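Every number here is computed from the coordinates shown, using simple stated rules; none is lab data. Remember, predicted model here, so these are calculated numbers, not experimental data. Using ideal geometry, Cβ is built from the backbone for each residue, glycine included, and neighbour counts are taken over all protein chains shown.
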Amino acid sequence: MKNVLVIGSTGQIGSELTMKIRREIAGSQVVAGYIPGAEPKGILLESGPAEIADVRDAQGLAAIVDKYKIDTIYNLAALLSAVAERKPLLAWDIQMNGLINILEIAREKGCAVFTPSSIGSFGPETPHVGTPQDTIQRPRSMYGVTKVATELLSDYYFHKYGVDTRSVRFPGLISNVTLPGGGTTDYAVEVYYSAVKGEEFVCPIGPGTYMDMMYMPDALKAAIDIMIADPTRLIHRNSFNIASMSFEPEQLFAKIREYIPSLKVRYEVDPVRQAIANSWPDSMDDSCARAEWDWKPSFDMDSMTRDMIDALRKKFAIS
Ligand code: SER
């Protein structure tokens, strides 16, 4: 991993992953790929090259790969689950047509490719507790359909052409730099913003709904570690379950109230997101990731909550 293209570099994951690779992988050059309207700014723009990289423009992507001699592509372009239900054809276009463009370029030019999968790749028939690595994947959301297809197509390119595709199934990701947009797990990010700003939080997910969640530093570490893992140890490729914490809304609110007792919450359940959440695992079994590339998270709900509150207080200059 030396010359890296991050597609979606201004999104929730990309904005932090681009900077982490630039900082931590010695000798790396990371191109921040973006689409018009989501231009990189500040340190992201100043610390390295940036190029328009629309997954639907195969020629444009190939030109970037040639220009920077890209060897690794992080394909982070996606519509999240709730938005994908509103715009299923656009989700298909970005997630599937975009992916095949990237895989074809990777095949021709010898790039490794990381395209994240998700807890969204599972469905109602999947065992919800201790969801195994290899199990039933029959999601009913368009987001989930594209994620299962992403896993299959990525494995297909590995087996048929030897393209070095690898990935992880991310839980809901909690971060304090860039907000997610239109996911089912977004509540677990937004409640921290409300808590720190002293605003009432309106929760779209009902009490008792367990989902896997992860703090962004662990997710970034996973995204890098899987791509630099010893390939001879990998039995699986697309994609690995990774887990660090599982909770339902009341447990998260109780944890935040240990530090911000004034947090006020009201439920206004969104039926679309609730149906999606009900179909997703309560908690995934990540033993294959632990065995095959030494995956191990660092944050639990308490350490994440302390870090989130500190970071957001600094961000909004609240003491
Ligand atoms: N966080 C995503 C979503 O809620 C799941 O991968 O859509």
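Consider a paramagnetic label point 7 Å from the Cα of residue 290 along Cα→Cβ; state which residues of the stretch 191-223 have an amide N under 14 Å from it. Answer for the stretch 191-223: none.
Taking label points 7 Å from Cα along the Cα-to-Cβ direction, residue 262 and residue 235 give a separation of 5.3 nm. Between the beta carbons of residue 306 and residue 269, assuming R0 = 41 Å, the FRET efficiency works out to 0.90 to the nearest 0.05.
Normalised by the number of residues in the stretch 1-140, what is the relative contact order in percent for Cα pairs under 8 Å and 6+ residues apart? Can you show the working numbers first?
On the way: 222 pairs, mean separation 30.5, N = 140.
Answer for the stretch 1-140 is 22 percent.
Express in whole angstrom the spacing between the alpha-carbon centres of the stretch 199-256 and the stretch 126-176. So the separation of the two Cα centres works out to 14 Å.
Here the gap between residue 318 and residue 199, fully extended at 0.36 nm per residue and compared with their Cα-Cα distance, gives a gain of 41.5 nm.
By how many nm would the segment from residue 24 to residue 138 grow when fully extended, if each residue of separation counts as 0.36 nm and the alpha-carbon distance is taken off?
Numbers: separation 114, 0.36 × 114 = 41.04 nm, distance 3.77 nm.
Answer, rounded to one decimal: 37.3 nm.
Would you work out the relative contact order for the chain, in percent, from Cα pairs under 8 angstrom that are 6 or more residues apart?
On the way: 658 pairs, mean separation 58.5, N = 319.
RCO, the chain: 18 percent.
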